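Report on the structure given below.
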Amino acid sequence: MLDLAEVKLCVIGLGYVGLPLAVEFGKRYQTIGFDIKSDRIAELKSGKDHTLEVDEAELVEVKQLIFTNQLEEIANCNTYIVTVPTPIDKHKRPDLTPLVKSSETLGKVISKGDVVIYESTVYPGATEEECIPIVERVSGLTFNTDFFVGYSPERINPGDKQHRFTTIKKVTSGSTPDTADFVDALYASVVAAGTHKACSIKVAEAAKVIENTQRDLNIALVNELAIIFNRMGIDTEAVLEAAGTKWNFLPFRPGLVGGHCIGVDPFYLTHKAQELGYHPEIILAGRRINDSMGAYVAERVLRLMTIKRIQVVDSRVLVLGLAFKENCPDLRNSKVIDIISELQTFNIGVDVYDPWVDAGSALREYGIKPIESPELGTYDAVVLAVAHQQFKEMGIAGIRTLAKPEHVIFDVKYLFDANAVDGRL
C-alpha cells in the first residue's frame, strides 16, 4: 500500500466538489486537476472559477496544483479521486454516465498499486457493482490485487463559506483494511474537522445518500404543513417559531428543493430499493411533495392576483432569483423554473432577475434569458424566489417600487415579515 509521502494525486472532475478538493490537496501533495472540458481548464489556468467556490488568490498560490484535460498527463499519478456528478434522467432514474466514463478513463491510466477513490453520490453497492468492473475491464488489472478502491462521499455545500471541505468531517472507507487506513489518513492530512472511517464502502455510500434523504423528508413535512396552514389562515413561520421553543424541535423551513443533492439523491436509494423488490413509500411521497412546490407557489400567486382583481392573462410577473439557493450561481436542478413554467401557462409575461447567475448558462440550461435589471413600476406581481443578499438589501420598499400601484408580493424565502408581503409559504 502507498505511503502518504509517495502520493501523486489526480482529481477527476473540477466542478463544485472537485475544485475545492484539488486546491486543498494541492497545498500538501503534487496534484493534477483533470476535466474533459477544455474551457474549464482554460478558465482555471487563468485563475478564474465561475462557481465562486475558490477565489483567484487561492488558485494562484497553490504551487503544487496543475490543471489539464490531457489523459497522458495524469498517467503518472498513483492516487485518483473521482468527483463527477451523478444526476437523474427525465424519468428520475440514476444516470451513471459521468461515472461510467470516468471509470473508463481510469482504466486507461492506472497502474499496479494505484488507489482509486470515488466521491460521487451513488446508491449503496454502485462503486463495487458498476465502477470497479469497468476499471478492471479497461485496465486488465485485478481489483484488490493490482489496484485498490476507496469511497469518501462528498459533503460540499455550494455557496457556503463557513462549512468548507476542510471544516466538514469526512467519511472514508476502503476495499481492504489497508486501503481503508490509507484513504482515511489521506483525508485526515488535509481535513481539519477529522474523519470517520466506515466499516465498508457500502456503508459509506449509504451514509451519504441518507444524509440528503433525511433533509428531503423533513422539508417535505414542513412544505405539507405550510399547505395545510395556508388553508387554515395560519402563518407557517409563526407556527414554526412557536414550536421551535422546544429543545428537540428541528428548525426546518418550507421552500423549493433543488440543487444537485437533496432533490436528486433520494432517487438513487429508491432505485436500488425497487431493484431489490421493495417499493419505498415515505421517501417517494416526500419527493412528490417537494417537486410540486413550484406549481403550488405559482397557484398561490395567481389566487392573490385574482383576489386583488388583477388580470392574470397578459400580466407581467417578476421572479427574483433563478439559482437553486441563495448567494450562489449554481443553477443545477433549480425549482424556480417550475414557478416560471406554471405562470407562463396562463400567458403571463415572466421576467427573471438574478445578479448571481450567468445569463448564458441560464439560456443553455433552461431557455431563459435573465434581464439585466428590473424596470420600476412595471410588474403586477413580484415573486421572491431566492434569498440573495441583494434582495434583502433592497428591502420591501425597494421591491415594491418595481411593481405597479396594485400588485402582489409573494415571499417564498421568508425574507420579510408576514405583514409586509401579500403571501408567503
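The values are calculated or read from the model by the stated rules, or taken from the named source; none is laboratory data. All figures in this text were calculated on a predicted structure; none of them were measured in a lab. Ideal geometry is used to build each Cβ from the backbone, glycine not excepted, and the neighbour counts take in all protein chains shown. Note: accessible area is taken over every heavy atom of the protein model, side chains too, but ligands, DNA and RNA are not part of it. Shrake-Rupley method; radii C 1.70, N 1.55, O 1.52, S 1.80 Å.
Inside segment 128-205, counting only strands (runs of 3 or more DSSP E) that do not spill past its ends, which hold 1 or more residues that are over 27 Å from residue 95 (Cα atoms) and polar (S, T, N, Q)? Break it down into steps so the answer makes sense when it comes.
Details: elements: 148-151, 170-172, 195-197.
It comes to 195-197.
Residue by residue, here is whether (1) at pLDDT 95 or above; (2) surrounded by fewer than 21 Cβ atoms within 10 Å (Cβ to Cβ) holds:
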site	(1), (2)
336	yes, no
373	no, yes
417	no, yes
422	yes, yes
425	no, no
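Looking at 213, 167, 172 in this structure, which one is out of contact with any Phe, Trp or Tyr (no Cβ under 6 Å at 6 or more places or on another chain) and open to solvent by less than 30 Å² (accessible area, probe 1.4 Å)? Answer to the check: 213. Restricting attention to segment 1-15, the residues that are open to solvent by 30 Å² or more (accessible area, probe 1.4 Å) and hydrophobic (A, V, I, L, M, F, W, C) total 4.
In segment 33-52, is there at least one residue being part of a strand (DSSP E or B), modelled with pLDDT of 95 or more and either open to solvent by less than 80 Å² (accessible area, probe 1.4 Å) or under 18 Å from residue 119 (Cα atoms) (or both)?
Of segment 33-52, the ones part of a strand (DSSP E or B) are 33-34.
Of the ones still in play, those that are also modelled with pLDDT of 95 or more are 33-34.
From what is left, the residues that are either open to solvent by less than 80 Å² (accessible area, probe 1.4 Å) or under 18 Å from residue 119 (Cα atoms) (or both) are 33-34.
Yes, the conditions are met somewhere in segment 33-52.
Out of 322, 284, 269, 256, which single residue is in contact (Cβ under 8 Å) with a residue 60 or more places away in the chain and in a helix (DSSP H, G or I)? After applying the criteria, what remains is 269. I'd like to check something: does segment 65-80 contain any residue that is open to solvent by less than 40 Å² (accessible area, probe 1.4 Å), touching a residue at least 60 places away in the same chain (Cβ under 8 Å), in a loop (DSSP other than H, G, I, E, B) and not β-branched (Val, Ile, Thr)? Checked segment 65-80: at least one residue is open to solvent by less than 40 Å² (accessible area, probe 1.4 Å), touching a residue at least 60 places away in the same chain (Cβ under 8 Å), in a loop (DSSP other than H, G, I, E, B) and not β-branched (Val, Ile, Thr).
Is there a residue in segment 85-98 that is surrounded by 18 or more Cβ atoms within 10 Å (Cβ to Cβ), touching a residue at least 12 places away in the same chain (Cβ under 8 Å) and farther than 20 Å from residue 264 by Cβ? Among the residues of segment 85-98, not one is surrounded by 18 or more Cβ atoms within 10 Å (Cβ to Cβ), touching a residue at least 12 places away in the same chain (Cβ under 8 Å) and farther than 20 Å from residue 264 by Cβ, which makes the answer no. Of the numbered criteria (1) in a strand (DSSP E or B); (2) open to solvent by 50 Å² or more (accessible area, probe 1.4 Å); (3) closer than 26 Å to residue 239 by Cα, the one residue 409 fails is (2).
So which residues in segment 141-152 are in contact (Cβ under 8 Å) with a residue 12 or more places away in the chain, farther than 18 Å from residue 121 by Cα and either of a type outside the set (A, V, I, L, M, F, W, C) or open to solvent by 10 Å² or more (accessible area, probe 1.4 Å) (or both)? Walk me through it before giving the result.
First, pick out the residues of segment 141-152 that are in contact (Cβ under 8 Å) with a residue 12 or more places away in the chain: 141, 143-144, 146-152.
Next, from what is left, pick out any that are farther than 18 Å from residue 121 by Cα: 141, 143-144, 146-148.
Those that are in contact (Cβ under 8 Å) with a residue 12 or more places away in the chain, farther than 18 Å from residue 121 by Cα and either of a type outside the set (A, V, I, L, M, F, W, C) or open to solvent by 10 Å² or more (accessible area, probe 1.4 Å) (or both): 141, 143, 144, 146, 148.
Take residue 126 and tell me if it is of a type in the set (Gly, Ala, Ser) and either farther than 20 Å from residue 200 by Cβ or out of contact with any helix residue (DSSP H, G or I) (no Cβ under 9 Å at 6 or more places or on another chain) (or both). Reasoning before the result, please.
On the way: of a type in the set (Gly, Ala, Ser): yes; either farther than 20 Å from residue 200 by Cβ or out of contact with any helix residue (DSSP H, G or I) (no Cβ under 9 Å at 6 or more places or on another chain) (or both): no.
Spelling it out, it is not the case that residue 126 is of a type in the set (Gly, Ala, Ser) and either farther than 20 Å from residue 200 by Cβ or out of contact with any helix residue (DSSP H, G or I) (no Cβ under 9 Å at 6 or more places or on another chain) (or both).
Take residue 316 and decide whether it is in contact (Cβ under 8 Å) with a residue 60 or more places away in the chain and open to solvent by 70 Å² or more (accessible area, probe 1.4 Å). In short, yes.
For segment 185-210, how many residues are open to solvent by 30 Å² or more (accessible area, probe 1.4 Å) and among the charged types (D, E, K, R)? Result for segment 185-210: 2. Contact annotation: residue pairs with Cβ atoms under 9 Å, 6 or more positions apart or on different chains, pairing a residue in segment 395-415 that is touching a residue at least 40 places away in the same chain (Cβ under 8 Å) and basic (Lys, Arg) with a partner that is assigned to a loop (DSSP other than H, G, I, E, B) and surrounded by 21 or more Cβ atoms within 10 Å (Cβ to Cβ), are 413/255; 413/256; 413/321; 413/385; 413/386; 413/425.
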